[in-house]
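One structure below.
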Amino acid sequence: MTTVRTVADGFSFLECPRWRGGRLWLSDFYSRRVIAVHESGRVETITEVAGQPSGLGWLPDGRLLVVSMRDRRVLRREPDGTLVEHADLSELATGHLNDMLVDDAGRAYVGNFGFDLMSGAPLRTANLVRIDPDGTAQVAADGLAFPNGMALVDGGATLVVAESFGNRLGGYTVGAGGELLERRDWATFGPYPTSDDLGEVLGALSVVPDGICAAPDNTVWVTDAGHHRAVRVAEGGEIVAEVSSGELQVFACALGGAEGRTLFLCAAPSFAEHERKDTRDAVLLAVTV
């Protein structure tokens with residue numbers, strides 16, 4: 001691996017990076033923008049989401065889907081650039097919407113906080129919602145400890161979900177119609193926390209899995225939001241590689257670049273909303289892996 005470098009800076013809080021069409025697409029939470037960053041560092045604004053953008057993905061026809069966190073909707077960007085409602089999850093989600101994975105068939109899997117994270121409310125588990133291409137939605141899985149980043153491995157047969165407050169990555173067999181079947185612990189990093197106090201739980205986690213992305217060998221890159229690093233994890237939980245983010249915490253990752261060997265990292269000094277919303281010191285990092 002080579003040295004971690006800064007690709008672009010001056011952001012509020014970057015999340016949900018996706019490599020597509022020679023650019024890295026991301027959400028910048030508190031500027032309310034979906035952006036695209038070229039490897040040269042040039043930044044362009046794709047659209048603005050008043051409800052705070054998060055997870056990104058694309059339908060088979062190329063239309064962008066973007067999570068609108070605070071009003072618990074998934075929006076669709078039409079060819080003329082307008083945003084329309086794709087699905088309203090307000091009756092299904094029990095907290096702000098979070099990350100999203102869209103598969104090749106256009107099925108979207110969306111997680112949510114499950115509780116009021118930023119106010120310090122007691123921890124609660126949350127569900128994962130599946131949205132079919134026509135916008136119909138249903139709960140696909142429940143009982144997750146803060147479902148966050150997701151990745152497909154085994155040729156799309158397994159959905160891996162980061163459970164940020166569970167010391168683990170969950171795994172689900174994906175059915176023919178996108179159903180999530182046969183949950184298992186895909187990787188564990190330590191005991192499952194039993195406290196509902198966020199501070200106690202964070203102090204007990206060996207890894208705080210946030211954003212993730214699949215590597216070609218069916219391992220998964222995981223951003224460890226509590227320990228200034230990204231780790232590459234094999235099924236079961238063995239850490240087979242590690243990249244330090246230095247003084248910054250790292251919250252999301254994606255593989256991309258011309259050869260698919262650039263690991264992009266979304267980094268910032270902290271995740272706390274009261275610290276992030278009025279500052280612009282989040283950065284996009286990259287390293288060749």
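First compute the accessible area of segment 142-289 with a 1.4 Å probe, then give the percent of it belonging to carbon and sulfur atoms.
49
Rg and Dmax of segment 163-289, using alpha carbons, in Å: what are they?
Answer for segment 163-289, Rg first and Dmax second: 15.4, 45 Å.
Pulled fully out, how much extra length does the chain show between S206 and R70, if you take 0.36 nm times their separation in residues and subtract their Cα-Cα distance?
That pair, S206 and R70, stretches by 46.0 nm at full extension.
Once you list every other residue whose beta carbon is under 12 Å from the beta carbon of A157, what net charge do they have if Lys and Arg are +1 and Asp and Glu are -1?
It works out to a net charge of -3.
Considering only the other residues whose Cβ falls under 15 Å of the Cβ of V84, what net charge follows from Lys and Arg at +1 and Asp and Glu at -1?
That sum, taken over residues with Cβ under 15 Å, equals -4.
For segment 27-161, what are Rg and Dmax over the alpha carbons, in angstrom?
My reading of the Cα-based Rg and Dmax gives 14.7, 43 Å.
Round to a whole angstrom and tell me the spacing of the C-alpha centers of segment 11-89 and segment 96-162.
With segment 11-89 and segment 96-162 each reduced to a Cα centre, they are spaced 17 Å.
If you take the C-alpha gyration tensor of the chain, multiply each eigenvalue by 5 and take the square root, what semi-axes do you get, largest first, in whole Å?
The equivalent ellipsoid of the chain has semi-axes of 23, 23, 20 Å.
Find the accessible area per residue for segment 144-272; the probe is 1.4 Å, ligands and nucleic acids are left out, and the unit is Å².
Computed with neighbouring chains in place, this is 36 Å² per residue.
The values are calculated or read from the model by the stated rules, or taken from the named source; none is laboratory data. Remember, it's a predicted structure, so these values are computed and weren't measured experimentally. Every residue, glycine as well, gets a Cβ built from its backbone with ideal geometry; the counts of neighbours run over all protein chains shown. What goes into the accessible areas is simple: the full protein's heavy atoms, side chains included, and nothing from ligands, DNA or RNA. Shrake-Rupley method; radii C 1.70, N 1.55, O 1.52, S 1.80 Å.
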